[in-house]
1. Amide H to amide H under 5 Å from SER224: which residues, 5+ apart in sequence or cross-chain, H placed 1.01 Å off N in plane?
2. Under a point spin-label approximation (7 Å from Cα along Cα-to-Cβ), what is the VAL248-LEU230 distance to one decimal in nm?
3. Would you grab the residues whose amide H sits under 5 Å from the one on ARG171? Only those 5+ places off in sequence or on another chain, please, with H modelled 1.01 Å from N.
4. Apply the Karplus curve 6.51 cos²θ - 1.76 cosθ + 1.60, θ = phi - 60°, to the phi angles in segment 194-202 and return the couplings in whole Hz, x for Gly and Pro.
5. For a quick check of understanding: with a 1.4 angstrom probe and all protein chains in place, what accessible area in square angstrom does GLU187 have, to the nearest ten?
6. Under 26 Å between alpha carbons: how many lysine pairs meet that in the chain, if sequence neighbours fewer than 8 apart on the same chain are excluded?
7. Filter the chain for me: DSSP H helices, axial length by Cα at least 30 angstrom, mean Kyte-Doolittle hydropathy not below 0.0. List them by residue number.
8. Name the shape class, rounded, prolate or oblate, that the alpha-carbon gyration tensor gives for segment 1-58, where a ≥ b ≥ c are the square roots of its eigenvalues, rounded holds for a/c under 1.5, and otherwise prolate holds if a/b is larger than b/c and oblate otherwise.
Amino acid sequence: MEISIGDAVDDMQLQAAFQEGFAAIHAIHNLMSFHAPDSDISRYNRATVGSLLDIHPHTAAVLAAARDVHLHSDGLFDVRVARQLVAWDYLPAPAKLIAGEVNKPGEMYSLPTATQVRKHADDWLDLGGIAKGYAVDCAIAALQSCGVQHACVNAGGDLRVLGQSQTVLIRDPKQPQNMIGQVLLAERALATSASYFSCKDMAGKKRSALLHPSTEQAIVDQHSYTVIALACLWADALTKVVAVSGNVQHPCLRRYDAEAFII
């Protein structure tokens, strides 16, 4: 995680801004981590069907966004992928977590209030495909609250630029140690999904942490999928829609004022 600040501010303001930015990121991680036993997501995953859980407004906001993208992408984005990622050793099987049968055609969950979620099916949720983008957005908001007007928050390729434009380098998916292009970004967010760092052989088959939610087949091609949007939350989630569909003109992109490209 990197935060760069371009404002000419005094040392105290600069230090406070960095502290607030990183604190915002850590807060989102603690709320939505699949690994942390006390996170909202871990508590949801352990809960029985029908349970009504109190959650933080941040978690509710991300769950609402995930449901919205799921609906408008016709299911191409789905946060119910944790079971498969555990089976492929991309996520650890949490202690005392027993999953029943996933009922993907049904409703994932409902949000009766801004601080509650009701569990409708015995699914495991993983918000790793959207929460990182939201954390970037929260860090930008924290910097703004400290008076920062020019900055960039980068969470491993999910990033957002505040204020003056910055050049963002794009990796070559066939040789990810090298850069293949660049994008000039201003007041926008960018996210990229690809399998080049997670691809592995398992039982004679190639696996990756990027998968098709309906077929549960791993996406292992040598492509990268990049989305530019106003908020990193949307950019992060929509990279999965583009990766699964292979369509840079997917109708879902227009809904979120986003654009995409594939390398």
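The values are calculated or read from the model by the stated rules, or taken from the named source; none is laboratory data. Just so it is clear, the model here is predicted, and its values are computed rather than measured. Cβ placement follows ideal geometry from the backbone for every residue including glycine, while neighbour counts extend to all protein chains displayed. Note: areas computed on protein heavy atoms with side chains; ligands, DNA, RNA excluded. Shrake-Rupley method; radii C 1.70, N 1.55, O 1.52, S 1.80 Å.
1. ILE263
2. Going by the 7 Å Cα→Cβ label model, 2.3 nm.
3. Amide H neighbours of ARG171: ILE180.
4. Values, residue by residue: 6, 9, 5, 8, 9, 5, 7, 8, 9 Hz.
5. The value for GLU187 is about 100 Å².
6. 21
7. What comes out of the filter, once short or polar helices are dropped, is 11-32.
8. Judged from the Cα gyration tensor, segment 1-58 comes out prolate (a/c at least 1.5, a/b above b/c).
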